[in-house]
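Chemist: Could you have a look at this structure, given as structure tokens, before my questions?
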Amino acid sequence: MGLGQLASRALLRSARLAASNPHHQFRRAIVTTPELHNSAESAAAEAHPEPDLPKRNPVAGARVHFPNPDDAIEVFVDGYPVKVPKGMTVLQACLMAGVDIPRFCYHDRLSIAGNCRMCLVEVEKSPKPVASCAMPALPGMKIKTATPLAKKAREGVMEFLLMNHPLDCPICDQGGECDLQDQSMAFGSDRGRFTETKRSVVDKNLGPLVKTVMTRCIQCTRCVRFASEIAGVQDLGVLGRGSGEEIGTYVERLMTSELSGNVIDICPVGALTSKPFAFKARNWELKGTESIDVTDAVGSNIRIDSRGPEVMRIVPRLNEDINEEWISDKTRFFYDGLKRQRLNDPMIRGADGRFKAVSWHDALAVVAEVIHKVKPEEIVGVAGKLSDAESMIALKDFLNRMGSENIWYEGNGPNPNADLRSGYIMNTSISGLEKADVFLLVGTQPRVEAAMVNARIRKTVIATNAKVGYVGPSADFNYDHEHLGTGPETLTELAEGRHPFYSALSNAKNPAIIVGAGIFGRKDKDAIFSVVDNIAKKINAVRPDWNGLNMLLLNAGQAAALDLGLVAESEKSIESAKFVYVMGADDENLDRVPDDAFVVYQGHHGDRSVYRANVILPASAFTEKEGTYANTEGCAQTTVPAVPTVGDSRDDWKIIRALSEVARVSLPYDNLSAIRSRIGTVAPNLLRVDEREPAAFSTSALRPEVKEKPDAAPFTTVVDNFYMTDSITRASKIMAQCSALLKK
Amino acid sequence: MASVVRGALKLIKEKGIGGFFREIRNEGYLSGLLDGNLMQTKIHNIGATVVGVDKFGNKYYEKLGDTQYGRHRWVEYASKNRYNASQVPPEWHGWLHYITDHTGDELLLLKPTRYGVEHKENFSGEGDEYIYHSKGHALNPGQRDWTRYQTWQPKKA
């Protein structure tokens, strides 16, 4: 078909359309000049949107919440009527109308800067194009996003942006996922008119994580706003004006935030990129696997980008209830630890004390032989920090069948309260913390224990001026807080109403008490918990509509371990044990194990406990297996294998299942769904993946009375190095660099 | 034919009768008795001009005039018993195959000194140590390690 024929067809069709809809032109006229007509007529026109417009859906499924239905206003975006709440910007209204406005400086979670001018749109009766990100939508506003004027304005902005932008996309790590690259496809010119020399900017050293190529910077100031608003560090700023404008640290210093890696994601160009990932891969070579982070108890949602058998990088995934769209630096950069110090062969320690690689058959046979030789009460199992629910239930079932009741999760301390779920999860939920108006942090330093929870608290403190009281050793906070005291006696004062902070707590509408999991290790924890319960009762923190009594757990498997009841009959049993099954527990002190005990280490990293092992069974890391983890708020989430297992290693639960068969006490599950249905009989909440199931009862009413008084010993710091908390992060070189340079 | 006899007589005069026979053997006339290719080359050589000799000793002949076009350049390999086409170095390859009229000696001047690798003939069938294996090949002694992870070492050496 010739071009002429095509054109004539198109013309014919439009003529036919015009003929079939004679009111078309007339109605247009009403819409564009409503003041000339009476309100009834224009209301009728608004009520019936033009029938020839194809339906449009909000960009990326955006939804809008109307806090007050009376505040809804109607605007028109390219002729589409859309209802938005008062105070929304033109850009947000366009998103709701299904029009994605190009932008560089605007970011949903940051304050509005309005300095990139890329989001210019035409608004009727406005003499100039307006920056839609900074312009509030007004009732009846008629926004045109695709007019020649708006396009020309954006092209002009793009030309100025590209004037000083180096043309180094082929060697830029952002290439392929660069906003500037994408938008220059639509608004860029194919030739430049700029004949002068481009400016160049000295690169800044922001530390071992963020690589800067400041010549590429377009001064959107997203990173500056992120650092001051979300991360809470005043490290980044704008220096100079005009063409001399630069982003930098005012004096030569590193960026000291635990969230600094997020500036890599929000940078729309390649000015801030990941230093460990630099020149390692192109983003289109990577396979993304949506998984869960296990380095802390938050369970941040991540995407594991892998190429072949290698994890190349980790980026956040949006989850409004847990990590929003940020992740901590530990989550983002520990991945190189997955490639180092790996156990890849089953090994047996010979008579000479040296390890020898053996086959699975031999290794399991040795373990099964030994476990039958010891008495049931001398068998002990310890699950490690990174254990998933499947392997923990398998270990518990296996050792129970061998007659032992001594299986616990490291770091839960003696006799943890596993009976009442509300006693060990964050009852308020992470997103629920935003509703709190007073926080009481007891023995927890959320900034190092759970950086994403800390970001949430900071968000609340900034947004609503919520008060924060802190009981514990002196610690680093990035928001205003009151240091009330260091030990349990401050809690007692609060419980008795003698402390000055008590009035703030008791006047609070939604007080949130957050108790750190470090308390689990204390001998007087029951006494402390009863004091905390007293405070909660007095300030009315636990109500049907609000549960403000929270535990902040430390490790990924902790909530699931307590859900599954991994509680030892007696913690002392390890001192008389003859057979110790260590499932990745590297922080358990194995010096207490008697010298003649037989230690089986099952895990993925040669970290600490392997050195005491008699048999090593290599397991897969969380990036290589499917596993269920419950985070500190009790939300069960699953990891998905992103890369193949290394060497001869196997999934944790499969090893235990195989061992049970060799030991002739076969466990009754052969696949993941069977083991999950077994989990369902113990802790059904672990099967409700990606859904948070609140605890049924609150603790304070059900806990037994504790007569004893808490010790005077002050609370201690639980996590002394944010960057190295488990076997994977301890194996990571990047984390080692971070702890050397940035350790707080 | 007369020139051949004259040349032979001259050689006998210079080297003596023993030297003459040694020369005959070294030049491959004896193996040529069993090797038709070689003998044909030797016969071809009569009256042709030697254009050049490369560093391996291969002689490059050209005979213009009464030879068929396209058969007027040839090589007599230095080795008389084990010869193959891969013994021709790249600088002579172009001349020999009528790709260029520049002789190998002229082209050698263009060879980059910094990264130009010495020519090596193809040793296929001569034993594994002579055969080129790519770096991914199992028989390459300097085979690349494709393991993407580091294992834990039980004892630090």
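The values are calculated or read from the model by the stated rules, or taken from the named source; none is laboratory data. Every value quoted in this text rests on a predicted model; they were computed, and no experiment measured them. Counting neighbours? That spans all protein chains shown, and the Cβs are built from the backbone with ideal geometry, glycine included. Keep in mind that these areas ignore ligands, DNA and RNA; they rest on the heavy atoms of the full protein, side chains included. Shrake-Rupley method; radii C 1.70, N 1.55, O 1.52, S 1.80 Å.
Chemist: For A:Lys144, go through the lysines and keep the ones whose alpha-carbon is under 23 Å away, minus same-chain ones fewer than eight residues off.
Modeler: Correct list for A:Lys144: A:Lys55, A:Lys83, A:Lys86, A:Lys125, A:Lys128, A:Lys152.
Chemist: Using modelled backbone amide H atoms (1.01 Å from N, in-plane), which distant-in-sequence or interchain residues come within less than 5 Å of A:Val468's amide H?
Modeler: HN-HN under 5 Å from A:Val468: A:Phe439, A:Glu482.
Chemist: For the B and A pair, go ahead and give the buried accessible area with a 1.4 Å probe, both sides summed, in Å² to 100.
Modeler: Working: alone 11990 and 31930 Å², together 42720 Å².
That pair of chains buries around 1200 Å² in total.
Chemist: Give me the net charge for the shell around A:Glu159: Cβ to Cβ below 15 angstrom, other residues only, Lys and Arg +1, Asp and Glu -1. Show your work: numbers first, answer last.
Modeler: Numbers: positive: A:Arg117, A:Lys151, A:Lys152, A:Arg154, A:Arg191, A:Arg193, A:Lys198; negative: A:Glu155, A:Asp190, A:Glu196.
With Lys, Arg at +1 and Asp, Glu at -1, the neighbours total +4.
Chemist: Something else: In the stretch A:302-317, which residues give up 10 Å² or more of accessible area once the other protein chains are added, compared with their chain alone (1.4 Å probe)?
Modeler: Output list: A:Pro309, A:Glu310.
Chemist: Please determine, in degrees from 0 to 90 and to the nearest 10, the orientation of helix A:652-662 with respect to the longest principal axis defined by the Cα atoms of chain A, where the helix direction is its Cα long axis.
Modeler: 30
Chemist: For every other residue with a beta carbon closer than 10 angstrom to the beta carbon of A:Thr460, add +1 if it is Lys or Arg and -1 if Asp or Glu, then tell me the sum.
Modeler: With Lys, Arg at +1 and Asp, Glu at -1, the neighbours total +2.
Chemist: If you take the beta carbon distance between B:Phe20 and B:Thr67 as r and set R0 to 25 Å, what does 1/(1 + (r/R0)^6) give as a FRET efficiency, to the nearest 0.05?
Modeler: On the way: r = 29 Å, r/R0 = 1.16.
For R0 = 25 Å, the calculated efficiency reads 0.30.
Chemist: Tell me which lysines have Cα within less than 23 Å of B:Lys15's Cα, excluding those fewer than 8 residues away on the same chain?
Modeler: B:Lys42, B:Lys59, B:Lys80
Chemist: So what J values fall out for the stretch A:485-502 if you push phi through Karplus, 6.51 cos²θ - 1.76 cosθ + 1.60 with θ = phi - 60°, rounded to Hz, Gly and Pro as x?
Modeler: x, 10, x, x, 5, 5, 5, 4, 4, 5, 5, 8, x, 8, 7, x, 6, 4
Chemist: Let me ask you something else. Which residues of the stretch A:340-382 bury at least 20 Å² of accessible area once all protein chains are present, versus their chain alone (1.4 Å probe)?
Modeler: A:Arg340, A:Gln341, A:Arg342, A:Asn344, A:Met347, A:Arg354, A:Phe355
Chemist: Under 15 Å from a point 7 Å along the Cα-to-Cβ line of A:Leu318: which residues of the stretch A:291-308 have their amide N that close?
Modeler: Under cut-off, by backbone N: A:301-303.
Chemist: When a/c is below 1.5 the answer is rounded, else prolate if a/b is larger than b/c, else oblate, so apply that to the stretch A:178-219 with a ≥ b ≥ c taken from the square roots of the Cα gyration tensor eigenvalues. Can you show the working numbers first?
Modeler: On the way: a/c = 4.71, a/b = 1.59, b/c = 2.95.
It comes out oblate by the Cα gyration axes.
Chemist: Something else: Enumerate the amide H contacts of A:Lys211 below 5 Å, restricted to partners 5 or more residues apart or on another chain; note that Pro and chain-start residues carry no placed amide H.
Modeler: Hits under the 5 Å cutoff: A:Thr273, A:Ser274, A:Lys275.
Chemist: Sort out the exposed loop GluC sites (Glu not before Pro) in chain B (DSSP loop, at most 16 other Cβ within 10 Å) and tell me the longest stretch that has none. Working shown, then result.
Modeler: Numbers: sites that count: B:Glu27, B:Glu118, B:Glu126.
The reported range is B:28-117.
Chemist: For the stretch B:54-157, which trypsin sites (Lys or Arg not before Pro) are both in a DSSP coil and crowded by at most 11 other Cβ atoms within 10 Å? Working shown, then result.
Modeler: Details: sites: B:Lys55, B:Lys59, B:Lys63, B:Arg71, B:Arg73, B:Lys80, B:Arg82, B:Arg114, B:Lys120, B:Lys135, B:Arg144, B:Arg148, B:Lys155, B:Lys156; in loops: B:Lys55, B:Lys63, B:Arg71, B:Lys80, B:Arg82, B:Arg114, B:Lys120, B:Lys135, B:Arg144, B:Arg148, B:Lys155, B:Lys156.
Of the trypsin sites (Lys or Arg not before Pro), the ones in loops of the stretch B:54-157 whose Cβ has at most 11 other Cβ atoms within 10 Å are B:Arg71, B:Arg82, B:Arg114, B:Lys120, B:Lys135, B:Arg144, B:Lys155, B:Lys156.
Chemist: Let me ask something additional. Helix A:360-373 sits at what angle to the longest principal axis of chain A, using alpha carbons and giving 0 to 90 degrees rounded to 10?
Modeler: It is inclined by approximately 50 degrees.
Chemist: Output the residues of the stretch B:137-157 meeting this criterion: accessible area (heavy atoms, 1.4 Å probe) in the chain alone minus accessible area with all protein chains in place is 40 Å² or greater.
Modeler: The answer is B:Arg148, B:Tyr149, B:Gln150, B:Trp152, B:Pro154, B:Lys155 - residues whose exposure falls by at least 40 Å² when every protein chain is included.
Chemist: Sticking with this one: Can you work out the accessible area per residue across the protein assembly as shown, with the rest of the protein chains kept in place, probe 1.4 Å, in square angstrom?
Modeler: Normalised by residue count, the accessible surface of the protein assembly as shown is 47 Å².
Chemist: Can you bin the stretch B:1-97 into rounded, prolate or oblate? Criterion: square roots of the alpha carbon gyration tensor eigenvalues sorted a ≥ b ≥ c, rounded for a/c under 1.5, prolate for a/b above b/c, oblate for the rest. Each step should come with its number before you reach the end.
Modeler: Numbers: a/c = 1.92, a/b = 1.44, b/c = 1.33.
Judged from the Cα gyration tensor, the stretch B:1-97 comes out prolate (a/c at least 1.5, a/b above b/c).
Chemist: Just going by the charge dipole of the stretch A:191-236, with Lys and Arg at +1 and Asp and Glu at -1 on Cβ, which of A:Ala231, A:Val210, A:Cys220 is farthest out on the positive end?
Modeler: Final value for the positive-end residue is A:Cys220.
Chemist: Starting from one equal scatterer on each C-alpha and no solvent at all, send me the Debye-based log10 I(q)/I(0) for the protein assembly as shown at q = 0.05, 0.07, 0.10 Å⁻¹, two decimals.
Modeler: So the normalised log intensities work out to -0.47, -0.77, -1.15.
Chemist: How far is helix A:148-163 tilted, in degrees, relative to the longest principal axis of the Cα atoms in chain A, given as a value from 0 to 90 rounded to the nearest 10?
Modeler: Compared with the principal axis, the helix lies near 60 degrees.
Chemist: Let me ask another. Once phi is turned into θ = phi - 60°, what whole-Hz ³J(HN,Hα) does the Karplus curve with 6.51, -1.76 and 1.60 give for every residue of the stretch A:436-447, x standing for Gly and Pro?
Modeler: Running phi through 6.51 cos²θ - 1.76 cosθ + 1.60 with θ = phi - 60° gives 6, 10, 9, 10, 10, 9, 10, x, 9, 10, x, 4 Hz.
Chemist: Related question: Taking the Cβ of A:Ala113 as the center, what net charge do the other residues with Cβ under 12 Å away carry, scoring Lys and Arg +1 and Asp and Glu -1?
Modeler: My count for the surroundings of A:Ala113 gives +3.
Chemist: Using a/c under 1.5 as the rounded threshold, could you call the stretch B:94-157 rounded, prolate or oblate? The axes a ≥ b ≥ c are square roots of the C-alpha gyration tensor eigenvalues, and prolate needs a/b larger than b/c, oblate otherwise.
Modeler: Values: a/c = 4.05, a/b = 2.49, b/c = 1.63.
Prolate, because a/c is 1.5 or more and a/b exceeds b/c.
Chemist: Rounded to a whole number, what % of the accessible area of the stretch A:608-744 do carbon and sulfur atoms account for, probe 1.4 Å? Spell out each step's value before the answer.
Modeler: Numbers: 3140 of 6010 Å².
The value for the stretch A:608-744 is 52 percent carbon and sulfur by accessible area.
Chemist: Applying the Karplus parametrisation 6.51 cos²θ - 1.76 cosθ + 1.60 with θ = phi - 60° to the phi angles of the stretch A:251-259, what ³J(HN,Hα) value in whole Hz is obtained for each residue in order, glycine and proline being reported as x?
Modeler: Karplus values, whole Hz, x for Gly and Pro: 10, 5, 7, 8, 7, 9, 8, 7, 10.
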